[in-house]
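Quick notes on the structure that follows.
The values are calculated or read from the model by the stated rules, or taken from the named source; none is laboratory data. Just so it is clear, the model here is predicted, and its values are computed rather than measured. Neighbour counts run over all protein chains shown; Cβ positions are idealised from the backbone, glycine included. Keep in mind that these areas ignore ligands, DNA and RNA; they rest on the heavy atoms of the full protein, side chains included. Shrake-Rupley method; radii C 1.70, N 1.55, O 1.52, S 1.80 Å.
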Amino acid sequence: MKGLIVAIQFLTRLPTPRIAVSGDEFAASMRWFPAVGLIVGAFVAGAGWAGARIDPWTGALCALVIWVAVTGALHLDGLGDIADASGAAHKDREQLLAVLGDPHVGSFAVVAIALQLLAKLVLLHALLDAEAVIAIALIPFAARIGPLVWSRALPDLHAGLGARFRNAMRPIDFGIWSLALVAAAWFSPSLLAAPLIVLLWGAWLLRKIGGISGDGHGAGIELGESLLLAAALLLAHLA
């Protein structure tokens, strides 16, 4: 359970007991990322359901605010950094890495974050209107399977936080979370789009950026969540 607590501390702003861990134990906490997604999803879906007792737009706003608050906008920061870096990718690699490491926010980041929040708000409204609360609850879980794959499949962009996770994942971890995804898809079949989203984001990172970093993980989680919201909405309309 120590790994789960460390993962909660890293990925969320939820209160947890403070524990000391080694570098290897911190890296191993990545195995619990999807479990943290279930916790995040419970908060988001609960807030959306409660707000929707007033109307779907109120529910969507409540869900989005809780989504950002619980995660501390951690992944939005990664999305913004990747947006800025991709804008510099037509230049040399040194410029790209410099932009990734720059703490200042550029215009690409502002636009990407604004569009991401707007997309989530609209999609959450539509799903709450369709009473697809279970889909909302499971999406953060599915999106956090991505880093488990990207950390092993993609080269490290630099010796940063993302590189520490490379050797943390074991075959059994992939097996457990793959089975969990299949089980979750029984309740929300649109989650079966998650593997394709993971592969497409990994391919884009490799072609456009050249590898994976902490920012790439965060951006992938954010975009994965939005695309899974869209997939759930599409399935709800087709059903």
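When the stretch 123-136 is examined, which residues are found to be under 15 Å from residue 192 (Cα atoms) and open to solvent by 20 Å² or more (accessible area, probe 1.4 Å)? Let's see the steps before the verdict.
First pass over the stretch 123-136, keeping only residues under 15 Å from residue 192 (Cα atoms): 134-136.
134, the sole residue that qualifies.
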Inset, instruction - Report, ordered by the first and then the second residue, all pairs with beta carbons closer than 6 Å, sequence separation of six or more or different chains, a first member in the stretch 199-215 that is farther than 11 Å from residue 158 by Cα, and a second member that is polar (S, T, N, Q) and buried (at least 16 other Cβ atoms within 10 Å of the Cβ). - result: 208/86
Inset, instruction - Please specify each residue of the stretch 1-24 satisfying the condition of being in contact (Cβ under 8 Å) with a residue 60 or more places away in the chain and under 22 Å from the mean Cα position of the chain (by Cα). - result: 11, 12
Inset, instruction - For the stretch 24-73, name all the residues that are among the aliphatic types (A, V, I, L, M), in a helix (DSSP H, G or I) and at pLDDT below 95. - result: 27, 28, 30
Inset, instruction - Would you be able to tell me the number of residues in the stretch 190-208 that are closer than 15 Å to residue 79 by Cα and open to solvent by less than 10 Å² (accessible area, probe 1.4 Å)? - result: 2
Legend entry - Where residue 10 falls short, out of the listed (1) open to solvent by 20 Å² or more (accessible area, probe 1.4 Å); (2) at pLDDT 95 or above: (2)
Legend entry - the stretch 25-38, subset touching a residue at least 40 places away in the same chain (Cβ under 8 Å) and open to solvent by 20 Å² or more (accessible area, probe 1.4 Å), residue farthest from residue 70 (Cα to Cα): 28
Inset, instruction - Might you check whether a residue that is closer than 23 Å to residue 230 by Cα and touching a helix residue (DSSP H, G or I) at 6+ places or on another chain (Cβ under 9 Å) occurs anywhere in the stretch 151-159? - result: no
Inset, instruction - Pull up the stretch 210-236, narrow it to residues that are more than 16 Å from residue 124 (Cα to Cα) and open to solvent by 10 Å² or more (accessible area, probe 1.4 Å), then point me to the one that is farthest from the chain's Cα centre (by Cα). - result: 210
Inset, instruction - Spot the failing condition for residue 46; the list is (1) under 26 Å from residue 126 (Cα atoms); (2) touching a Gly at 6+ places or on another chain (Cβ under 9 Å), and only one is missed. - result: (2)
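Just to check your reading of the model, which residue among 210, 220 is at positive phi and of a type in the set (Gly, Ala, Ser)?
Numbers: 220 fails: at positive phi.
Exactly one of 210, 220 is at positive phi and of a type in the set (Gly, Ala, Ser), namely 210.
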Inset, instruction - Would you please name the residue that is most open to solvent (accessible area, probe 1.4 Å), looking only at residues in the stretch 169-189 that are among the aromatic types (Phe, Trp, Tyr) and within 19 Å of the chain's Cα centre (by Cα)? - result: 174
Legend entry - helices (runs of 4 or more DSSP H) enclosed by the stretch 129-201 - at least 3 residues per element that are within 19 Å of residue 45 (Cα to Cα): 133-143, 171-187
